[in-house]
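Chemist: Below: one structure in structure tokens.
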Amino acid sequence: MGRELFGTDGVRGRANQHPMTAQMALAIGAAAGRYFRREQGGVHRVVIGKDTRRSGYMFETALTAGLTSTGMNVLLLGPVPTPAVGLLTPSMRADLGIMISASHNPAHDNGIKFFGPDGFKLSDEAEAEIEALVAAGVEPAQAHNIGRARRIDDGRFRYQERVKSTFPQGMRLDGMKVVIDCANGAAYRAAPEVLWELGAEVIQVGVSPDGYNINDECGSTKPRVAAETVVAHGADLGICLDGDADRVILIDERGTVADGDQLMALMAARWAEEDRLRDGTLVATVMSNLGLEKYLQGRGLRLERTGVGDRYVVEAMRRGGWNLGGEQSGHIVMTDFATTGDGLMAAIQFLAEMVRSGSPASALASNFEPVPQLLKNVRYTPGNAPLETAAVQQTIRDAEGRMGSKGRVLIRKSGTEPLIRVMAECEDEGLLHEVVDGIVAEVEAVA
């Protein structure tokens with residue numbers, strides 16, 4: 001069957017609308033439980049984490065009911081970052097990990113992300129089999145085999161200790177002033193505590209979740225308040241996480257924002273100097289700036305590009321045996337330390353380089369001059385297929401012809417929202433805007 005439920009990162013949508021309803025979560029929980037439950041003997045466990053959205057209570061309860069109905073025992077972590085689920089799934093010998101979050105999306109959205117027993121996100125093939133089980137229906141377990149659920153109180157602390165263990169032994173952040181914006185999301189307690197325990201003076205933003213304010217004018221997609229706070233307090237660095245803390249955007253002491261490409265450039269160069277960057281390769285998506293690729297080439301390093309989505313970055317890393325990758329949006333994946341993107345972990349690696357080098361954030365967060373890049377999103381009516389129309393396809397071909405060797409055009413559907421993302425890069429900014437605006441206008445006409 002086709003992939004109707006699963007997008008690029010699990011199941012996602014507006015809460016209480018298909019597919020993100022309590023009934024569907026119940027069915028997904030039962031299907032996932034049946035897929036992962038071994039046929040013979042043993043304890044069958046699943047760990048469930050969530051961010052701070054009000055709808056998380058509903059989905060946590062529905063998933064628990066579905067999973068226990070197939071004999072799975074459920075361990076509830078409460079609000080924790082997504083990478084904590086990736087960590088605790090193998091640590092707690094669980095068959096499955098689930099994170100309830102819509103990442104950087106608004107509070108009215110929610111999502112369900114899956115991790116296998118090794119702590120890595122599920123493959124497309126595994127998700128397709130779970131989706132087939134949802135469609136077919138699942139026979140529940142016999143009454144004496146129903147699972148049970150319990151709260152795990154120390155999951156966040158286990159995660160915090162893992163994050164701190166990646167910071168260089170004996171190094172401290174004494175004397176450093178750090179602004180941390182937690183987007184009123186899953187890391188609202190973990191991130192400030194880790195930074196304080198490492199010695200930093202911590203100024204907190206976005207740490208008062210009320211169920212509805214996650215990512216609301218704060219976090220990695222809205223860094224303005226954090227940037228203003230950095231400047232106002234004379235801070236050394238600003239760290240902006242998203243709602244589930246698997247991505248990060250940095251702000252230097254001047255209030256300038258640095259994206260994931262700049263952070264990856266720094267880490268790749270530094271790791272290569274230390275002979276830690278496997279095969280001299282960084283893995284990033286097609287969205288990463290051409291400037292990053294040129295920067296790496298100038299240092300004899302290679303950029304391996306993948307489709308959009310941190311899970312595809314991780315899959316490529318695992319296939320190639322590479323240990324550093326990420327996305328321009330701020331997912332930074334370090335498989336030496338974690339199984340998925342971890343915004344807090346990446347941020348403290350940057351802080352460690354600040355301490356080691358004695359350099360300000362501004363000197364470390366502007367490693368290359370980006371090629372002018374323009375991204376515009378066009379919302380379309382679900383069920384429409386604007387990219388399949390002849391007029392849109394012709395406009396895209398014409399745009400590619402005009403770009404030639406001067407740049408590139410990338411058009412794609414979002415895997416998490418009904419959006420067409422129109423992106424182009426070109427040294428000629430006038431041509432760049434003409435090309436993008438032309439495609440956007442044509443897509444809007446049929447959206």
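Chemist: Do you know which of the residues in region 300-317 that are of a type in the set (D, E, K, R), surrounded by 18 or more Cβ atoms within 10 Å (Cβ to Cβ) and in contact with a strand residue (DSSP E or B) (Cβ under 7 Å, 6 or more places away or on another chain) is nearest to residue 124 (Cα to Cα)?
Modeler: 311
Chemist: In addition: Quick check on my filter: what residues within region 229-254 are in a loop (DSSP other than H, G, I, E, B), within 23 Å of residue 369 (Cβ to Cβ) and either open to solvent by less than 20 Å² (accessible area, probe 1.4 Å) or free of Cβ contacts under 8 Å to residues at least 60 places away in the same chain (or both)?
Modeler: The one that is in a loop (DSSP other than H, G, I, E, B), within 23 Å of residue 369 (Cβ to Cβ) and either open to solvent by less than 20 Å² (accessible area, probe 1.4 Å) or free of Cβ contacts under 8 Å to residues at least 60 places away in the same chain (or both): 252.
Chemist: Hey, another quick one. Output the residues belonging to region 106-116 that are assigned to a loop (DSSP other than H, G, I, E, B) and either among the small types (Gly, Ala, Ser) or modelled with pLDDT under 95 (or both).
Modeler: Answer for region 106-116, where residues must be assigned to a loop (DSSP other than H, G, I, E, B) and either among the small types (Gly, Ala, Ser) or modelled with pLDDT under 95 (or both): 107, 116.
Chemist: Quick check on my filter: what residues within region 53-63 are closer than 25 Å to residue 206 by Cβ, among the hydrophobic types (A, V, I, L, M, F, W, C) and open to solvent by less than 20 Å² (accessible area, probe 1.4 Å)?
Modeler: 59 - this is the single residue of region 53-63 that is closer than 25 Å to residue 206 by Cβ, among the hydrophobic types (A, V, I, L, M, F, W, C) and open to solvent by less than 20 Å² (accessible area, probe 1.4 Å).
Chemist: If a residue must be over 16 Å from the mean Cα position of the chain (by Cα) and open to solvent by 10 Å² or more (accessible area, probe 1.4 Å), how many such residues does region 108-122 contain?
Modeler: Of the residues in that region, 3 qualify.
Chemist: Only one of (1) farther than 19 Å from residue 163 by Cα; (2) more than 19 Å from the chain's Cα centre (by Cα); (3) part of a helix (DSSP H, G or I) is not met by residue 127, so which one is it?
Modeler: (2)
Chemist: What are the pairs, 6+ residues apart or on separate chains, where a residue within region 255-277 that is under 18 Å from residue 236 (Cα atoms) has its Cβ under 7 Å from a residue that is β-branched (Val, Ile, Thr) and open to solvent by 20 Å² or more (accessible area, probe 1.4 Å)?
Modeler: Taking only residues 6 or more apart or on different chains, the pairs are 255/231.
Chemist: Report the residue count in region 206-228 for those that are open to solvent by 20 Å² or more (accessible area, probe 1.4 Å), over 18 Å from residue 82 (Cβ atoms) and either touching a helix residue (DSSP H, G or I) at 6+ places or on another chain (Cβ under 8 Å) or part of a helix (DSSP H, G or I) (or both).
Modeler: 4
Chemist: On to the next question. What are the residues in region 422-445 that are surrounded by 17 or more Cβ atoms within 10 Å (Cβ to Cβ) and either closer than 30 Å to residue 4 by Cα or touching a Cys at 6+ places or on another chain (Cβ under 9 Å) (or both), if any?
Modeler: Correct list: 422, 423, 424, 432, 435, 436, 439, 440, 442, 443.
Chemist: Here's another thing I want to ask about it. Might you check whether a residue that is within 30 Å of residue 108 (Cβ to Cβ) and either part of a loop (DSSP other than H, G, I, E, B) or among the acidic types (Asp, Glu) (or both) occurs anywhere in region 290-301?
Modeler: no
Chemist: Could you grab me the full set of residues in region 401-421 that are out of contact with any strand residue (DSSP E or B) (no Cβ under 7 Å at 6 or more places or on another chain) and either surrounded by fewer than 16 Cβ atoms within 10 Å (Cβ to Cβ) or not in a loop (DSSP other than H, G, I, E, B) (or both)?
Modeler: If the condition is that a residue be out of contact with any strand residue (DSSP E or B) (no Cβ under 7 Å at 6 or more places or on another chain) and either surrounded by fewer than 16 Cβ atoms within 10 Å (Cβ to Cβ) or not in a loop (DSSP other than H, G, I, E, B) (or both), then 401, 402, 404, 405 are the ones that fit.
Chemist: So, one more: Taking only pairs six or more apart or across chains, which ones have beta-carbon atoms under 7 Å, a first residue in region 76-89 that is in contact (Cβ under 8 Å) with a residue 12 or more places away in the chain and more than 17 Å from residue 56 (Cα to Cα), and a second residue that is in a strand (DSSP E or B) and open to solvent by 10 Å² or more (accessible area, probe 1.4 Å)?
Modeler: From region 76-89, the pairs are 88/77.
Chemist: Moving to a separate point now. Look at region 27-52 and say how many of its residues are assigned to a loop (DSSP other than H, G, I, E, B), open to solvent by 10 Å² or more (accessible area, probe 1.4 Å) and at pLDDT 95 or above.
Modeler: Summing the residues that are assigned to a loop (DSSP other than H, G, I, E, B), open to solvent by 10 Å² or more (accessible area, probe 1.4 Å) and at pLDDT 95 or above in region 27-52 gives 1.
Chemist: While we're looking at this one, here's another question. Please work out which one of (1) surrounded by fewer than 24 Cβ atoms within 10 Å (Cβ to Cβ); (2) of a type in the set (S, T, N, Q); (3) on the phi > 0 side of the Ramachandran plot is the condition residue 105 fails and give its number.
Modeler: All conditions are met except number (3).
Chemist: Scan (1) open to solvent by less than 10 Å² (accessible area, probe 1.4 Å); (2) under 20 Å from residue 244 (Cβ atoms); (3) among the small types (Gly, Ala, Ser) for the single condition residue 66 breaks and write down its number.
Modeler: For residue 66, the exception is condition (2).
The values are calculated or read from the model by the stated rules, or taken from the named source; none is laboratory data. Nothing here was measured: the structure is a model prediction, and the numbers come from that model. Using ideal geometry, Cβ is built from the backbone for each residue, glycine included, and neighbour counts are taken over all protein chains shown. Quick note on the areas: whole protein, heavy atoms, side chains included, nothing else; ligands and nucleic acids left out. Shrake-Rupley method; radii C 1.70, N 1.55, O 1.52, S 1.80 Å.
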